[in-house]
């Protein structure tokens, strides 16, 4: 919706005005479009605590794609604001579900040495989608048909889930889900394919990993996996709180407020017309590249170190951005202040995209054992949508009423979160998913030498 908010035709069609006596109503409706999306995301995460384990990772992805395509059609065809809001809620529902299942699936098929990079591509792909939407919004700005401008922006997001849904028949089921559902022979075949190298005949690595997964699943099978049971298990409870904390801290940088209302923020700096849309497109392109870069480095630098650097950097850059907004409110059309305001937004996303975005998904996915991975990631991602709801719903009104002061929460919370991560959150770099359980106090079931990574000695004690 970030680009749509930069199109006057959208506001005209739904009789919304950001100035005059109707500004309060317009700000409320703008907040509602993002608030309902986030509310749908929370429900989507809760559904995934059951859906992913019931139907498997692959079938669940196909179901989600249908939900996403249907919601996009409803938004693009909206003839009144209520229809648009229902579409936004359903789109949030699909987004919440896909945000859970994708990193879960990626973590379960990736070997330890590249798991960070593979799961990190989830964050990269999300931002790449934002970037496509941004360039679409810029192109649609010049369309002669006013309705085509915003309807095309809302319709094109159906392309990605359509491709994923059709292409999902070509991907394997998660071997860990197969083992959990007594289909170990199928799991071994998939692991053999995943570990295969051209010309290699040795399948010992795949067999060793399959044995480790079987042993871990057997050890966990006696443990109940309901929400209450998870909360009663100290190891599981600790993981849920850590995953939830990481996602809440990541969203408390204000990244989605900046992203969703960036065009309006540029308006506050005195920038209008197509220029805010162009800057937003470049901003998301830069963020996509940095997400990819962060995913490439996470297996070398470590999860916690990158998260801490990112949170502190985001706070500092947003503090400087708030200062520019405060000055811009007093000095209209000051080109130096406007340029610095744009610069600090780009500096902010440099820290977030490189060190926080992809890495938060990597960490929250790999800390949970197979028995509760879908539930654990679901509870963690709820933090993302809950904070998004809390921050984006009131944002239009907050910026209109208190201006730069609304940034203070996004400056303070990440700074407080960084030392908590440093002292209490364990590093997981280089470990297999089965080895990570030992760090959280689980009994070590099996650690075959063939799947053990050299970096495992870097585990931190809680």
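Some notes on this structure:
- Selection of the range 363-373 for residues being within 16 Å of the chain's Cα centre (by Cα) and modelled with pLDDT of 90 or more yields 363, 364.
- Taken together, the criteria exclude residue 280 from residues that are in contact with a helix residue (DSSP H, G or I) (Cβ under 9 Å, 6 or more places away or on another chain), within 30 Å of residue 400 (Cβ to Cβ) and surrounded by fewer than 16 Cβ atoms within 10 Å (Cβ to Cβ).
- Test for residue 309: is it surrounded by fewer than 24 Cβ atoms within 10 Å (Cβ to Cβ), more than 15 Å from residue 343 (Cα to Cα) and either modelled with pLDDT of 95 or more or in contact with a strand residue (DSSP E or B) (Cβ under 8 Å, 6 or more places away or on another chain) (or both): yes
- Residues of the range 230-253 include none that is on the phi < 0 side of the Ramachandran plot and modelled with pLDDT under 85.
- Residue in the range 117-139 that is in contact (Cβ under 8 Å) with a residue 60 or more places away in the chain, outside any helix (DSSP H, G or I) and under 22 Å from residue 285 (Cβ atoms) present: no
- Within the range 142-155, the set of residues being under 24 Å from the mean Cα position of the chain (by Cα) and buried (at least 17 other Cβ atoms within 10 Å of the Cβ) comprises 153, 154.
The values are calculated or read from the model by the stated rules, or taken from the named source; none is laboratory data. The shown structure was predicted, so the numbers you read here are calculated from the model rather than taken from an experiment. Glycine gets a Cβ as well: all are built from the backbone with ideal geometry, and neighbour counts include every protein chain shown.
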